[in-house]
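Visitor: Please see the structure below; I have some questions.
The values are calculated or read from the model by the stated rules, or taken from the named source; none is laboratory data. The model shown is predicted, which means the values in this text are computed figures rather than measured ones. Ideal geometry is used to build each Cβ from the backbone, glycine not excepted, and the neighbour counts take in all protein chains shown. SASA here: full protein model, heavy atoms, side chains in, ligands and nucleic acids out. Shrake-Rupley method; radii C 1.70, N 1.55, O 1.52, S 1.80 Å.
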Amino acid sequence: MVRKRFNPRHLPDFTQKKIIDRHMERLDTTGVSRRDFLSLASAGVAASAAAAALGMPNVAVASGSNKVAYLAWSASTEYNQLVSLGAEKAAAALGLNYSFFDGQIDSGRQLSQFEQLGTEQAIGGFFNILDGSALRRAGQFAEENQTFFAAIWDSVPWFTPFDVGDYFTVYLNPHEDEAHRGVARAVYQAVTDKFGEGEVAALTGTPGNWCEISRNAGRNLALEEFPNIRQTDELPGKWLREESLRATEDLLTRNGNLKGIVAQNDDEAQGALTALRNAGLRPGEDFFVGGADGTSLGAKAIQEGLQTSTSGNSPVFTGAFLTSWLYDVANGWKPRAAERQLFWKPTVVTRENVDAYVERYVDNSGVDPFDFRRFSRVLNPDDWDPQAYIYPAETEEIWKGYPRPDGWSLPAPLAEAKARGEFDQVREEYAARNKIKFDGPSPNKPA
């Protein structure tokens, strides 16, 4: 007899209390709480029992490894290490196994790692992929192996999850141009306050990367606000500390009167700070540096007066949110069209608000910055909380500044969702659900 692979979306809607109660009664789960029942379902036990109760005794449950994974382009950046920490904490809270894959700056390796997840019958994984074009192939793997995935940062211009199918569940990003505009504005204001005017430079990321282009756009918007500030040069830091150290040394040699640098992330900013100190310059006094992503080192550097600003993305949030998202879709929740491309609003961190950021996200004395179980809609159908200001990302907003391909049109599910007002509905629902504020105290902080 042929054994079918179990698809979690064939399960009943376990977000509904009456459905949970009905199946608990039929399966004789006396003494088991609803929450424990859902946890067992995620591990495949309740799924198997439910399949039998529904007359599907020959179904092989696919969640054998009960695993989720973070597929990072490199394990060498603090950002990716902190994303992994958030994913690991959320996985533990949800009863999942977790793996962190180092892509070693090779998108082909990342694809092989994702294909391996499929053969292990894992729930799925989420990418910070080096080359966004690889997401098309990831979508093929996902469909073939019925493995859910999500992605952050890089992608292909005008590409959407609907171009590869239901297993590409969400494309998520901070609203980068606005965030980096605030980061750059703080640097330019510091130069203005100290010198009245000045020359600045930029450390860029990987040329052509979506995140780099969006952050460049935000930086340029800030430049328009400061006619007294002149950007005279830029070099790629490629998101890495060592590359940025060397690039900053070159920038200082080529431009003898620089007063500031806007870097693409906090790892780049760390490299710039080292180069400045080696050159006898005093960061925070006669030279000003901005970064991005709100890493521990970036936040501490701001607190110490060395770095001027960063975007408080909280990498831990990224890992926790996407791990919880994959848990939910693997357990029967299906996102609406307007939920499959999302932005979240980061906090611009400067000296004025860095202490609160460090207390919650860096030196938190073991107090977790999020309620990791509350991210889950499956476990908390009545009071799930995104724990940040998250909202639908219009495709035209994601790819503004990119030439629209000939013949391109919005995928039908997105066009239909817009026509029926679903984008506004989701925005309002997420705002109403957001009780735990991203820039407020930890929900676990003692009263």
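Visitor: When the chain is modelled as a GNM with alpha-carbon springs shorter than 10 Å, which of Leu130, Leu111, Leu410 fluctuates the most?
Guide: Leu410
Visitor: Charges at C-beta only: +1 for Lys and Arg, -1 for Asp and Glu. How large is the resulting dipole of the stretch 196-250 about its Cα centre, in Debye rounded to 20?
Guide: Dipole of the stretch 196-250, to the nearest 20 debye: 220 debye.
Visitor: A further question follows. Give me the percent of the accessible area of the stretch 268-385 that comes from carbon and sulfur atoms, probe 1.4 Å, all protein chains in place.
Guide: 46
Visitor: Further question: Pick from Asp406, Asp106, Asp131 the residue whose mean-square fluctuation is largest in a GNM of the chain, springs joining Cα atoms under 10 Å.
Guide: Asp406
Visitor: On to the next question. Below 8 Å, C-alpha to C-alpha, sequence gap of six or more: please give me the relative contact order for the chain in percent.
Guide: Relative contact order of the chain: 16 percent.
Visitor: Now for a separate question. Just name one of Val348, Ala432, Ser376: the one whose Cα is farthest towards the positive end of the charge dipole of the stretch 335-447 (beta-carbon charges, Lys/Arg +1, Asp/Glu -1).
Guide: Ser376
Visitor: If you place +1 on the Cβ of every Lys and Arg and -1 on the Cβ of every Asp and Glu, how big does the dipole about the Cα centre of the chain come out, in debye to the nearest 20?
Guide: Roughly 1240 debye, rounded to the nearest 20.
Visitor: Accessible area per residue, 1.4 Å probe, Å², for the stretch 243-294: what's the number?
Guide: Solvent-accessible surface per residue comes out at 34 Å².
Visitor: Using a Cα-Cα cut-off of under 18 Å, which aspartates and glutamates could be cross-linked to Lys445, ignoring same-chain neighbours fewer than 8 residues away?
Guide: Asp355, Glu359, Asp363, Asp368, Asp371, Asp385
Visitor: Determine the per residue accessible area of the stretch 90-185 with all protein chains present and a 1.4 angstrom probe, expressed in square angstrom.
Guide: On a per-residue basis, 31 Å².
Visitor: Dipole of the stretch 118-188, Cα-centred, from +1 at each Lys and Arg C-beta and -1 at each Asp and Glu C-beta, to the nearest 20 debye?
Guide: 220
Visitor: Further, regarding this structure: Please identify, among Phe159, Phe126, Phe317, the residue showing maximal mean-square fluctuation in a Gaussian network model of the chain using a 10 angstrom Cα cutoff.
Guide: In this elastic network of the chain, the residue with the biggest mean-square fluctuation among Phe159, Phe126, Phe317 is Phe159.
Visitor: Same structure again: Once phi is turned into θ = phi - 60°, what whole-Hz ³J(HN,Hα) does the Karplus curve with 6.51, -1.76 and 1.60 give for every residue of the stretch 397-411, x standing for Gly and Pro?
Guide: Using θ = phi - 60°, the values come out as 6, 4, 10, 4, x, 9, x, 6, x, 4, x, 6, 9, 4, x Hz.
Visitor: Looking at this model, which pairs from Lys259/Lys345; Lys300/Lys435; Lys345/Lys437 are more than 18 angstrom apart at the alpha-carbon?
Guide: As for pairs spanning more than 18 Å Cα to Cα, those are Lys259/Lys345; Lys300/Lys435.
Visitor: While we're looking at this one, here's another question. Quick one: ranking Arg185, Arg219 by accessible area, 1.4 Å probe, largest first, what do you get?
Guide: Descending order: Arg185, Arg219.
Visitor: While we're looking at this one, here's another question. Which of (1) 1.17; (2) 1.01; (3) 0.98 is the computed Rg/Rh (Cα atoms, Kirkwood Rh) for the structure on display?
Guide: (2)
Visitor: Which percent, nearest 5, of DSSP beta bridges in the chain are antiparallel?
Guide: If we restrict to bridges inside the chain, about 10 percent are antiparallel.
Visitor: Let me know the shape class of the stretch 155-271, please: from the alpha-carbon gyration tensor, a ≥ b ≥ c as square roots of the eigenvalues, rounded when a/c is under 1.5, otherwise prolate if a/b is greater than b/c, or oblate.
Guide: prolate
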